[in-house]
Every structure is written in C-alpha cells, then in structure tokens.
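Here the structure comes first, spelled out in structure tokens, and everything after it is commentary.
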Amino acid sequence: MPSDTSDTSAPTAPAITSYRDLLRNSEFVGLYASFMLTVAASTLSGFALGTLVNHQTGSPFLTAVSMYGATFATVLGALTLMSVADGSRPRRTLVALELVSLVGVAAQAIPGLPLAARFGLLLVLGFFQSLGTGTRMGLLAEVVPTSAYVLARSLMNITSGGMAILGYAIGALLLRYLSPQGVFIVAAALTGVGLAVVATTVREHSIRLTRRPGLRQTWTTNIALFSHSGQRALLLNLWVPNGLIVGCEALFISYDPGHAGTLLAAGSAGMFLGDLSVGRLLSADQRRRCAFVLRLLLAAPYLLFVIHPPVLVAAAAVFAASAGFAATLPLQEQLLELTPDPVRGQVQGVESAGRMTWQGLGAAIAGGVAQHVGPGAAITAVAAVSVAITVVSRPFVVRARAVRVEKADA
C-alpha cells in the first residue's frame, strides 16, 4: 500500500518561474547533478566505444550500433518491468540502477574484452537505463510542481546538450593521450560520483501505485497507454523523426573521422540553444504552435550532406538541425497532461525508452544504408524520410491536441 501522501515533495510556494528558482530546490539539484554526471559518463563511454569499434572493424554499421546500441534494450524495460518506476521506492530503485551502470561501464574498461561481450554489456545497460529514466522522471514530477515540469525538463535537456558538448570535446582530447580503456575508466569514475550524489541528496518518496509492480502491471498500463489515440500520436512523433536524425549523427565518425567530434559537438550546441529558447522563453501555446516547424528543422539541414559540404558548412547545418530537438518539449508536455498521476513514471519511462530505442533503430538503419551508398548519401536519405514522416503525421498531432482540449472541457 502507498505510504502517507504527505511525503510528497512538490513545493507549494513560491511559484517556480525560472531556472534559478529550480536550483533553489535542493532535491531537484540532486537529481539534476546526478543526471549531468550520468550524461557526461555516457557520452565519454559511447565515444570511446565507437572509436574502438571503428578502429577494429572499419564498419560504419557496427560503429553506429556501438554508439547507440544500448537503446535497443530500453524497449525491453518498457515492456517488462517499467511499473517499478511507480510501484517501488523510487530513491532506492534509482540508487540500485546507478550501481548497475557503474559496474557495466567499468567492465568496458577490461583490456581485450571481445566485441561480442561489449555489445552484450550495452544491451544489459540499456535495459536498466530505461528503468532508471522512468524512475528519475517520475521523481522529477514529484520534486517540482506540474507548472514547472517543462522548465525542469528544458533545463535537463540543456544540461544533456551541454555535457555532450564537453563530453565529445573532452573525449576527443583524452583519446589523444589515453586508450579507449582509459576513457572508460574516466566514465566509470563520473558514474560513481553520480551514484554518490543520488544517495546523499534524494530522499525517499511515496509509492504511487496501489498494485504490486511487475510484468502484469506493466502490460496493463501499456495497453491503456497505446489504446489512447492522443497518446499514440504523441509517442509516434516523439520517437520516429528524432530516432532517424540520431541515425544521421551516428554516421559522423564514418563520414569524417577527423572532424566527427566537431560535428557531434555542433549538434549538442544546437540542442542546447533550442531547448534554452523553447523551454525558457516561450509560453505553452507558443511551444505547441512552433512544434511542427521545429520537427521540420530537425531533419531538413541534413539534406545538404549529399553534396559533402565543407566541414564548417556541415557543422552549421548540424547546429541548426539540432535546435529542432526542442520539439520534444511541447510533445512531452501534452503527454504529461494526458497521463494519470499514478502511472506518470511508467508512461514517461515508456516515452523515453521508445525514443531511445528509435535512436538505436535509426543508427542501425542509417548504418545499414551507409554500407551500400556511403555515409553522406545515407545521411541525406534518412533525413528525407524523417521530413516525410513529420509531414504525414502532422494531422495526428493536431488530433491529439483536440483530444486534450476535450478532456479538459469535460
């Protein structure tokens, strides 16, 4: 049975209207700092593994999958045990999952580890990562009030972009002096610090579900989620266009090994700017009105890669395109409005797991196409498909908006 609801930590006053207000919430700061360290560790680990696989195999497909392969396993978490995000003690669950990540990242540092074992580790980490994301996002919805949720997600997205910029830049620098195994050790150290931050700053919260978490509860909630036409449309648009563009990014090492760090950093910088502008400066209505344009912006600049532009032009195109990732903010906001409170952790976990899984699928699709037509042409082709899906699916997003209004008026 759930504990006393007085344990909830959502503040009642004063209103949170800025990033500075968020950072006055000590528990949010703990979640935020641990998230920042986790992203930095993941970026370093992924860059090191991609470089190692590229050196050993020379395969664009395997390189792309090695950078984003963990995302394939996130769907398994969403389909099996995601209900633990709402039905187990969230702090205890998050600490345990951070510990699993620490062990997995440290294992990648073992010299001579076969590639099959490295890919197996990616799948295990992806499974537990999906559960950690659901738990973290469920906690976030309790730590901050609903009115500040988008602001908090915006700040975390900005942090993700900023830490990725630093991660790719530092990763490229470290690889000049260290082996990939040395970079894995640095990533493991960052993961360990993130674990310590969660353990010392985040307090325990109530269990939101009254039923025992497990496979049956996970499936019951998932069936209800995908039976809702509005939520289905939002999930489609959160997952597929983004995933295909991440597939484009997964080809940067194969496209231009000498400037891959520059292109990846440009993408992270564009994401930073987009999330900052959309999350901080726009109202909810303005965010929803610009969501379609942002989803088009996400893919259109990559069409230039068919002509193999100079590196500065390519970096500018990647920077502009990545600002379009901010389209996830209004879509996530609408999804939260359609989600009952007792299952918000699981629904947000499913959304994140599906988005990450499509990132892995996008990497695999782009890598497979690149095997036949080359990285530049593959980037252009995948981007064109993303544009087409965005245009075709627009009526479904509009319909989801109408469902939300009808629900509010009922």
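General remarks:
- Within segment 340-387, the set of residues being modelled with pLDDT of 75 or more and not in a helix (DSSP H, G or I) comprises Gly374 only.
- Inspection of segment 174-195 finds a residue satisfying the criterion of being closer than 30 Å to Val53 by Cα and in a loop (DSSP other than H, G, I, E, B).
- Residue satisfying condition, being aliphatic (A, V, I, L, M), modelled with pLDDT of 85 or more, surrounded by fewer than 20 Cβ atoms within 10 Å (Cβ to Cβ) and assigned to a helix (DSSP H, G or I), within set Ala33, Ala41: Ala33
- Check on Val144, of a type in the set (Val, Ile, Thr) and free of Cβ contacts under 8 Å to residues at least 24 places away in the same chain: no
- Scanning segment 168-194 for residues that are buried (at least 21 other Cβ atoms within 10 Å of the Cβ) and either aromatic (Phe, Trp, Tyr) or modelled with pLDDT of 85 or more (or both) yields Tyr168, Pro180, Val183, Phe184, Ala187, Ala188, Leu190, Thr191, Gly194.
- Of all residues in segment 274-290, those satisfying the criterion of being touching a residue at least 60 places away in the same chain (Cβ under 8 Å), of a type outside the set (D, E, K, R) and surrounded by fewer than 23 Cβ atoms within 10 Å (Cβ to Cβ) are Leu276, Ala284.
- Some residue of segment 66-77 being modelled with pLDDT of 75 or more and either within 30 Å of Gly376 (Cβ to Cβ) or out of contact with any Ser or Thr (no Cβ under 9 Å at 6 or more places or on another chain) (or both): yes
- Residues being at pLDDT 70 or above and either out of contact with any Leu (no Cβ under 7 Å at 6 or more places or on another chain) or surrounded by fewer than 17 Cβ atoms within 10 Å (Cβ to Cβ) (or both) - total across segment 198-215: 5
The values are calculated or read from the model by the stated rules, or taken from the named source; none is laboratory data. Just so you know, these numbers come straight off a predicted model, no measurement behind them. Note that each Cβ is placed from the backbone with ideal geometry, even for glycine, and that neighbours are counted across all protein chains shown.
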